[in-house]
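Here the structure is laid out as structure tokens; the discussion comes afterwards.
The values are calculated or read from the model by the stated rules, or taken from the named source; none is laboratory data. Here the structure is a predicted model, which means the values were calculated and not measured. No Cβ is skipped: glycine too gets one built from the backbone with ideal geometry, and neighbour counts run over all protein chains shown. Note: accessible area is taken over every heavy atom of the protein model, side chains too, but ligands, DNA and RNA are not part of it. Shrake-Rupley method; radii C 1.70, N 1.55, O 1.52, S 1.80 Å.
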Amino acid sequence: MFFRQGRKILVALMLSLLLFTTACTATKTPGRFDQAQQVSNQQKSGQAVAKEATQGSEFNRFFPAASGEFQRVYTQEKKGFAEAKLKKDGKDLAMLSISDTKSLPTAAAKFKTSTKQINGYPAVEVGTTQTAVLVGDRYQVKVLSRDPSFTASDREAWLKKFNLNGLSKLQ
Amino acid sequence: MSKSIIELVDGLSTNNMTVSMLRSLDFVIPGQWNNLVGFENTIRTVTGEIDESIIQQVGERAIYLYNDRSQGYQRAMWLYQTVDSTDKALGAAALANKVGEKIPLLGFLNKVTPKADKAQTIDLTLKLVVELLAFCQINGIPGDSIGDFVNSLADYSGESLMRMVALVCVDGLIPFGPDFIQKALATLDKTSPQELEKNSTFQNINSDIPGSNSASKLNFIGESFNSVTGWMNDLVVSRGLTPQKVVSNLQGFIEVADDKLDYLAAFLDVSTNYYEHTGTQTLARRLIERAVAEI
């Protein structure tokens, strides 16, 4: 009798444990980046940068020169991308970048609704820290604030210092 | 399957031996390193963005960039992990319950073996070579550009600078003493290509080191180390670093006797993975900086 009851209890316990553990697995909310991870992981190589993208080294000469108290430090140079840091008194003020939107067409698409121009090129504000222009329908030039003192108007001023016309002739 | 960049950055510890050790080296570069962990948190901190749709786009672009093997990020991660993953017998599991209490080194003296000078030298110089190679993989400068790397050391900050500080303190000053640069150079001079080939870390990363054979690879290792001796010496002199100063700061979490520094070096070697930890942070930062600029 006792044995039977004990078995019943044990079965009930096991069942509730099973329910508990499955409930735990089921309620694990998928992360916001899980889908991107899953899709991109299906390819081993070539999913992020277009074959025909321009080499980053081609972009360096169109960056604004360092002047006065501002220093320019190149930080990255990959296929389709180049980036430099803008510093003043050892402090990072902003990042300056040129990228080839051949690798990421959606980056170019956002300029279609642009209502603003900088030096004749379509310009957009992105998020809260970035200003970008699209040159020759292909190359995105961005200035990204890294210090609160570096405002949207500073970003615009530095975008104008890039050799945008030269870059437009690159392709 | 190797871990995703999200798993790697989310999996960084907030409180283990590695983190305790790095925190105790804060005195060298006060306030420069904060232990940035978590993929989403890193995006927010690096970009300063608060717009959720931008954060989503940055995260997705970073994932695509990392998963694209042609971009070199996975190779850099592998290098940081591999140079750190020699014998970790005392690793996380054995020490997990020790965090928060002061560890007496005495209790581990029979569990760790100090390395011979040659093995210690190869360790130190290979870590430096990995820094150079990973730097080039992440930032895209040709793989043997020692000059570019040395110039960029001047601009190192945050977790990258902390990694170099730990290299000087933990793999230089503690095992070799104050004249660690000269000692390492002299030992490297006496190391043969055959001896290098026997080193397990070298065996692992061998194919990533420029050079057609072990002799030319040994040469590259020597040149790389030589090129940063000026930078390391400046760091030691400008911060007044001595083994005693480093050890007295480590005393916050580990009890050490001054005559047991070779054991301390061996203990830290098997109980921490500061190269992998800060390397993951550096890589995530660069990846996110690129992603936010490209979207």
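When you scan the stretch A:54-63, do you find a residue that is within 10 Å of chain B (Cβ to nearest Cβ) and part of a loop (DSSP other than H, G, I, E, B), even just one? Yes, some residue in the stretch A:54-63 is within 10 Å of chain B (Cβ to nearest Cβ) and part of a loop (DSSP other than H, G, I, E, B).
If you take the residues of the stretch A:94-109 that are open to solvent by less than 50 Å² (accessible area, probe 1.4 Å), out of contact with any helix residue (DSSP H, G or I) (no Cβ under 7 Å at 6 or more places or on another chain) and over 20 Å from A:ASN163 (Cα atoms), which of them is nearest to the other protein chains (Cβ to nearest Cβ)? The qualifying residue nearest to the other protein chains (Cβ to nearest Cβ) is A:SER103.
Of all residues in the stretch B:247-288, those satisfying the criterion of being under 17 Å from B:GLY38 (Cβ atoms) and of a type outside the set (Lys, Arg) are B:GLU276, B:HIS277, B:THR278, B:GLY279, B:THR280, B:GLN281, B:THR282, B:LEU283, B:ALA284, B:LEU287, B:ILE288. A single entry from A:LYS78, A:LYS85, A:LYS91, A:LYS112 fulfils the requirement of being among the basic types (Lys, Arg) and more than 11 Å from every other protein chain (Cβ to nearest Cβ): A:LYS112. In this entry, B:THR201 passes the filter for residues that are of a type in the set (Ser, Thr, Tyr), more than 14 Å from every other protein chain (Cβ to nearest Cβ), touching a residue at least 24 places away in the same chain (Cβ under 8 Å) and in contact with a Leu (Cβ under 6 Å, 6 or more places away or on another chain).
Filtered by the rule that a residue be closer than 22 Å to B:SER85 by Cα, touching a helix residue (DSSP H, G or I) at 6+ places or on another chain (Cβ under 8 Å) and loosely packed, with under 12 Cβ neighbours inside 10 Å, the stretch B:195-215 gives a lone residue, B:GLN203.
When the residues of the stretch A:37-53 are filtered to those that are at the interface with chain B (Cβ under 9 Å from one of its Cβ atoms) and part of a helix (DSSP H, G or I), the one that is most open to solvent (accessible area, probe 1.4 Å) is A:VAL39. Considering the stretch B:161-214, the qualifying helices (runs of 4 or more DSSP H), each wholly inside and each with 2 or more residues that are among the small types (Gly, Ala, Ser), run over B:180-189. Within the bounds of the stretch B:255-276, is there any residue that is of a type in the set (Gly, Ala, Ser), assigned to a helix (DSSP H, G or I), without any contact (Cβ under 8 Å) to a residue 12 or more places away in the chain and open to solvent by 10 Å² or more (accessible area, probe 1.4 Å)? Within the stretch B:255-276 (the criterion being of a type in the set (Gly, Ala, Ser), assigned to a helix (DSSP H, G or I), without any contact (Cβ under 8 Å) to a residue 12 or more places away in the chain and open to solvent by 10 Å² or more (accessible area, probe 1.4 Å)), the answer is no, since none of the residues qualifies. Within the stretch B:1-10, the set of residues being open to solvent by 60 Å² or more (accessible area, probe 1.4 Å) and either at pLDDT 95 or above or more than 19 Å from A:VAL39 (Cβ to Cβ) (or both) comprises B:GLU7, B:ASP10. Listed by position, the helices (runs of 4 or more DSSP H) inside the stretch B:14-67 whose residues that are open to solvent by 20 Å² or more (accessible area, probe 1.4 Å), more than 13 Å from chain A (Cβ to nearest Cβ) and in contact (Cβ under 8 Å) with a residue 60 or more places away in the chain number at least 1 are B:17-24. Within the stretch A:118-134, can one find any residue that is in a helix (DSSP H, G or I) and farther than 14 Å from B:GLY48 by Cβ? Looking through the stretch A:118-134, none of the residues is in a helix (DSSP H, G or I) and farther than 14 Å from B:GLY48 by Cβ. May I ask you to list the residues in the stretch A:126-145 that are modelled with pLDDT of 95 or more, within 22 Å of A:LYS88 (Cα to Cα) and either out of contact with any helix residue (DSSP H, G or I) (no Cβ under 7 Å at 6 or more places or on another chain) or open to solvent by 30 Å² or more (accessible area, probe 1.4 Å) (or both)? Once the filter is applied, which keeps residues that are modelled with pLDDT of 95 or more, within 22 Å of A:LYS88 (Cα to Cα) and either out of contact with any helix residue (DSSP H, G or I) (no Cβ under 7 Å at 6 or more places or on another chain) or open to solvent by 30 Å² or more (accessible area, probe 1.4 Å) (or both), the stretch A:126-145 yields A:GLN130, A:ALA132. If you go through the stretch B:82-93 one residue at a time, do you hit one that is part of a helix (DSSP H, G or I) and modelled with pLDDT under 80? Yes, that holds for at least one residue.
Of the residues B:GLY240, B:GLY252, only one is at pLDDT 95 or above, of a type outside the set (Lys, Arg) and either part of a loop (DSSP other than H, G, I, E, B) or within 23 Å of B:ILE146 (Cα to Cα) (or both); which?
Values: B:GLY252 fails: at pLDDT 95 or above.
Going through B:GLY240, B:GLY252 in turn, just one is at pLDDT 95 or above, of a type outside the set (Lys, Arg) and either part of a loop (DSSP other than H, G, I, E, B) or within 23 Å of B:ILE146 (Cα to Cα) (or both): B:GLY240.
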